[in-house]
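See structure below.
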Ligand SMILES: [Zn+2]
C-alpha cells in the first residue's frame, strides 16, 4: 500500500442563511468535519491533507445550510432534495462499479464457483455504496447540533409584510 497522510478537521464556518421562500437572510454558523489525505508522510503531505480536509468540511458546511428549515417560514431549500437524489445516484453508480470490479477480479483470478464471487460482488458493491452515501449524508446528519442561525440579526422582508398603498 502507498504511504499516505490522513487528516481530519473539525471547523466552524460563518455563512449566511438565505430562504428562497420568504426572503429571510441571517448570519449562520455551521460546524462540519472534513477528511483529507495526501501521499507521503512528510510535512508537506500533512499540510496538503489538512487543506484537503478543510475543503471537504467547507463543502459539507455549505450543503448543510440547504437542509436547515427556515426559522421564519419553516421551508427547506429545494436544493436539499436534489442533493439527496444525487447522493443516492452516486452511491448506486459507485456500488455497481465496485460490484463489477470485484466480480471481474474474482473471474480473472479463476476462482471456482460462480456463487461465491457473485456474493463477494454484492457485498463489495453494497459496502462501497454505503460508504459513498455516508460521505454525502454528512451534509444533513446532526443539523441541530451543527447549525446556529442568528435570527436576531435577520434581514430580508417577508412578502406578507409588504404594505399596500
Ligand atoms: Zn423562510
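Return only the number of the condition from (1) free of Cβ contacts under 8 Å to residues at least 60 places away in the same chain; (2) under 18 Å from the mean Cα position of the chain (by Cα) that residue 29 does not satisfy.
(1)
Hey, residue 26 hits all of (1) under 18 Å from residue 139 (Cβ atoms); (2) crowded, with 16+ Cβ neighbours inside 10 Å; (3) within 16 Å of the ligand (Cβ to nearest atom) but one; which does it fall short on?
Exception for residue 26: condition (1).
When both residues are 6+ apart or on different chains and their Cβ atoms are under 6 Å apart, which pairs have a first residue that lies in the stretch 70-95 and is in contact (Cβ under 8 Å) with a residue 24 or more places away in the chain and more than 23 Å from residue 126 (Cα to Cα), and a second that is assigned to a loop (DSSP other than H, G, I, E, B) and near the ligand (Cβ under 10 Å from one of its atoms)?
What qualifies is 70/19; 70/24; 72/22; 72/24; 73/21; 73/22; 75/21.
Among the numbered criteria (1) surrounded by 14 or more Cβ atoms within 10 Å (Cβ to Cβ); (2) farther than 20 Å from residue 135 by Cα; (3) within 16 Å of the ligand (Cβ to nearest atom), which single criterion is violated by residue 102?
The number of the failed condition is (3).
What number of residues within the stretch 63-97 satisfy the criterion of being in contact with a strand residue (DSSP E or B) (Cβ under 7 Å, 6 or more places away or on another chain) and outside any loop (DSSP other than H, G, I, E, B)?
To start, the set of residues in the stretch 63-97 that are in contact with a strand residue (DSSP E or B) (Cβ under 7 Å, 6 or more places away or on another chain) comprises 64-65, 68, 71.
Narrowing further to those that are outside any loop (DSSP other than H, G, I, E, B): 64-65.
Residues that pass the stated criteria total 2.
Tell me whether the stretch 104-120 contains one or more residues that are at pLDDT below 95 and in contact with a strand residue (DSSP E or B) (Cβ under 7 Å, 6 or more places away or on another chain). Write out each step before concluding.
The first filter runs over the stretch 104-120 and keeps only residues at pLDDT below 95, leaving 104-120.
Filter once more, keeping what is in contact with a strand residue (DSSP E or B) (Cβ under 7 Å, 6 or more places away or on another chain): none.
No: zero hits.
Considering only residues that are surrounded by fewer than 16 Cβ atoms within 10 Å (Cβ to Cβ) and either within 16 Å of the ligand (Cβ to nearest atom) or under 30 Å from residue 80 (Cβ atoms) (or both), which ones fall in the stretch 29-49?
Result: 29, 37.
Under 7 Å between Cβ atoms, at least 6 apart or on separate chains: pull out the pairs that start in the stretch 131-144 with a residue that is touching a residue at least 12 places away in the same chain (Cβ under 8 Å) and end on any residue that is in a loop (DSSP other than H, G, I, E, B).
Close Cβ pairs (under 7 Å, with a partner that is in a loop (DSSP other than H, G, I, E, B)) amount to 143/68.
Go through (1) touching a strand residue (DSSP E or B) at 6+ places or on another chain (Cβ under 6 Å); (2) in a helix (DSSP H, G or I); (3) more than 15 Å from residue 141 (Cβ to Cβ) for residue 47 and report which single condition fails.
Only one criterion in (1) touching a strand residue (DSSP E or B) at 6+ places or on another chain (Cβ under 6 Å); (2) in a helix (DSSP H, G or I); (3) more than 15 Å from residue 141 (Cβ to Cβ) is unmet by residue 47, namely (1).
In the stretch 50-83, what count of residues is obtained for those that are buried (at least 16 other Cβ atoms within 10 Å of the Cβ), more than 16 Å from the ligand (Cβ to nearest atom) and over 21 Å from residue 142 (Cβ atoms)?
Here the count works out to 2.
Name the residues in the stretch 1-19 that are in a loop (DSSP other than H, G, I, E, B) and exposed (fewer than 13 other Cβ atoms within 10 Å of the Cβ), would you? Let's see the steps before the verdict.
Of all residues in the stretch 1-19, those in a loop (DSSP other than H, G, I, E, B) come to 1-3, 19.
Hits for the stretch 1-19 are 1, 2, 3.
The values are calculated or read from the model by the stated rules, or taken from the named source; none is laboratory data. This is a predicted model, so every value here is computed, not measured. Because the Cβ atoms are built from the backbone with ideal geometry, glycine has one as well, and the counts that use them run over all protein chains shown.
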